[in-house]
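Here the structure is laid out as structure tokens; the discussion comes afterwards.
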Number of protein chains: 2
Amino acid sequence: MPALEKVSSNRVSTGSLTKYKFPSSSLSLPTQFNLFVPSSASPSSPVPVLFYLAGLTCNEDTGAQKGAFLNKAGEEGIAIVFPDTSPRGAGVEGEDDDWQLGTGAGFYLNATSEKWKKHYNMYDLVVKELPEVLKEADLGLDFSRVSIFGHSMGGHGALSIYLKNPGQYKSSSAFAPACNPSKTPWGVNAFTNYLNAVTRSSPPSEWLQYDSSHLLQSFKGDAHILVDVGTEDDFLKKGQLEPKTLERVGKEGVEVRMQEGFDHSYYFISTFAPEHVAFHAKYLKA
Amino acid sequence: MPALEKVSSNRVSTGSLTKYKFPSSSLSLPTQFNLFVPSSASPSSPVPVLFYLAGLTCNEDTGAQKGAFLNKAGEEGIAIVFPDTSPRGAGVEGEDDDWQLGTGAGFYLNATSEKWKKHYNMYDLVVKELPEVLKEADLGLDFSRVSIFGHSMGGHGALSIYLKNPGQYKSSSAFAPACNPSKTPWGVNAFTNYLNAVTRSSPPSEWLQYDSSHLLQSFKGDAHILVDVGTEDDFLKKGQLEPKTLERVGKEGVEVRMQEGFDHSYYFISTFAPEHVAFHAKYLKA
């Protein structure tokens, strides 16, 4: 197991935020993440864990600095892991040319196309490797109580990861998520490039495995999902988010709230941040 | 009175944050600021106003994005004005060469030295011009109820402005402020450059008019001052802040709290942000 290198640490809320770096086997590259741990956490009294997945162009700092999650997480006694949004420095041709693909745009999937598959495996990083590395580090985190949330591309990540892994996460929530990426521009662009689709269906089944609206249809068991979308979100207006497709599945336990006047920014996120942390706390501490 | 040009606007908390631009006569340049107004505000029911002054290298966005003030301000029904930290594009020789002087480092004073005096007048901008411009704009703000707070250089600004203008502000608070700038490196550097000091005293009286520890000694009336400083603040260790000089004045109504383990960052600020907003609310809504 690779050693975690401490890059920086700041006291915040009722605990501290530490930035770690380690050589990721999923990404075949070093990666960084931030970890907030309330001071109540200890190996003998571990705290539940919430993953926050950020959106396009963001990194491991964005949610930690602008999300306003930490005071509520500290109060609730919940740790938060903030992964990066893609590998960095993979050297794939064109990876820095388009903000919607490549660097800062990993889409929380495992790439299968020849060009991207060596490094672009954020799904494995978030779902498997980070929990393993953190368990090993013995930091007072309880990986039997984990939830996941995110914003925009990270909202897609949080919902799809939750739905693909029944029982692994207690709850999922999202701010302005891309709910139907197999049919909307960001997702189609990402899936076309990252995924080696051989099926003839349209969209290909390789895409549907990462589409939350599709995954929700066959999701068994109780869903614990909260989604907030601002009515003035430009990406909603441009058809990137499509929360209605998620809502139309009609699954119990999925709440989609349209928030009047809010946009796609962290001002929107920070407003509802305490409610989302409280939503997860309800399931993580049940 | 110059017209306020709306640069952008975001719904946040119980209201909205709007970025404005206008030609400042204090700065002889256009300047930008952010204004948070809770939706409860109206010309017939105006809300109290809190000024937030940011630190070195920051601008009008820093506190709005990273400070975590807005949820509490919205709940309390208080507006917050976030000015910039200096003029931008003044064209003074060397103004972009040193992060401690010039751009991003206006020190909330009125410059008197030949080189800087045309543009570097952040004191007049904050104390006189912004309130006038905002009153004229009729945005539902009550300028009979105003308080002021800030961080680092902006903490110096908030305390010195409060102390120089008895009765104009209800309360003042600061995160990691430079409390004794006439004797500490940032302040000495700024005052040496910005101020045309002709008195022979040491420090010159021209410097002491912006030194909170000095101003507090002759402050009449009730002081309402709260200061938080982290014990792990590198600038505290380097002697830039000197909160003890402020404390040693022994003035009633001045609370200086050393916060164990916290540093100089916005992680520190965001942790105590709700307490500071609540502190001001007590006086603004008395």
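List of remarks:
- Scope the range A:232-268; condition within 14 Å of chain B (Cβ to nearest Cβ), part of a helix (DSSP H, G or I) and surrounded by fewer than 21 Cβ atoms within 10 Å (Cβ to Cβ); matching residues: A:D234, A:L236
- Within the range B:56-73, tally of residues that are in a helix (DSSP H, G or I), touching a residue at least 60 places away in the same chain (Cβ under 8 Å) and either among the polar types (S, T, N, Q) or away from chain A (no Cβ under 14 Å) (or both): 2
- Selection count, the range A:10-27, where residues are free of Cβ contacts under 8 Å to residues at least 12 places away in the same chain and surrounded by fewer than 18 Cβ atoms within 10 Å (Cβ to Cβ): 0
- Within the range B:111-128, the residues that satisfy the criterion of being more than 14 Å from the chain's Cα centre (by Cα) and either closer than 15 Å to B:T192 by Cβ or not in a loop (DSSP other than H, G, I, E, B) (or both) are B:A111, B:T112, B:S113, B:E114, B:K115, B:W116, B:K117, B:Y120.
- Some residue of the range A:202-221 being surrounded by fewer than 21 Cβ atoms within 10 Å (Cβ to Cβ), of a type outside the set (F, W, Y), without any contact (Cβ under 8 Å) to a residue 60 or more places away in the chain and at positive phi: yes
- Note on the range B:271-286: residues that are within 10 Å of chain A (Cβ to nearest Cβ) and surrounded by fewer than 23 Cβ atoms within 10 Å (Cβ to Cβ) total 2.
- Search result, residues across the range A:129-184 that are surrounded by 19 or more Cβ atoms within 10 Å (Cβ to Cβ) and aromatic (F, W, Y): A:F149, A:Y162, A:Y169, A:F175
- Of all residues in the range A:134-144 being assigned to a helix (DSSP H, G or I) and out of contact with any Phe, Trp or Tyr (no Cβ under 6 Å at 6 or more places or on another chain), the one that is farthest from A:I80 (Cα to Cα): A:E136
- None of B:G104, B:G89, B:G94, B:G77 is of a type outside the set (D, E, K, R), free of Cβ contacts under 8 Å to residues at least 12 places away in the same chain, out of contact with any helix residue (DSSP H, G or I) (no Cβ under 6 Å at 6 or more places or on another chain) and away from chain A (no Cβ under 12 Å) except B:G94.
- Restricted to the range B:1-55, the set of strands (runs of 3 or more DSSP E) holding at least 2 residues that are within 14 Å of chain A (Cβ to nearest Cβ) and touching a Phe, Trp or Tyr at 6+ places or on another chain (Cβ under 9 Å) comprises B:5-12, B:15-24, B:29-38.
Matching residues to (1) under 18 Å from B:N71 (Cβ atoms); (2) at pLDDT 95 or above; (3) among the hydroxyl-bearing types (S, T, Y):
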residue	(1), (2), (3)
B:P2	no, no, no
B:S16	yes, yes, yes
B:S28	no, yes, yes
B:V37	yes, yes, no
B:P43	no, no, no
B:L53	no, yes, no
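- From the options B:S182, B:S147, residue that is within 30 Å of B:E260 (Cα to Cα) and part of a loop (DSSP other than H, G, I, E, B): B:S182
- Any chance A:Y162 is over 23 Å from A:D234 (Cβ atoms), modelled with pLDDT of 95 or more and more than 10 Å from the chain's Cα centre (by Cα): no
- Positions within the range A:28-53 being out of contact with any strand residue (DSSP E or B) (no Cβ under 6 Å at 6 or more places or on another chain) and either more than 25 Å from A:K170 (Cα to Cα) or surrounded by 21 or more Cβ atoms within 10 Å (Cβ to Cβ) (or both), in sequence order: A:S28, A:L29
The values are calculated or read from the model by the stated rules, or taken from the named source; none is laboratory data. Predicted model only: the values in this text are computed from it and were never measured. Glycine also receives a Cβ, built like all others from the backbone with ideal geometry; neighbour counts cover every protein chain displayed.
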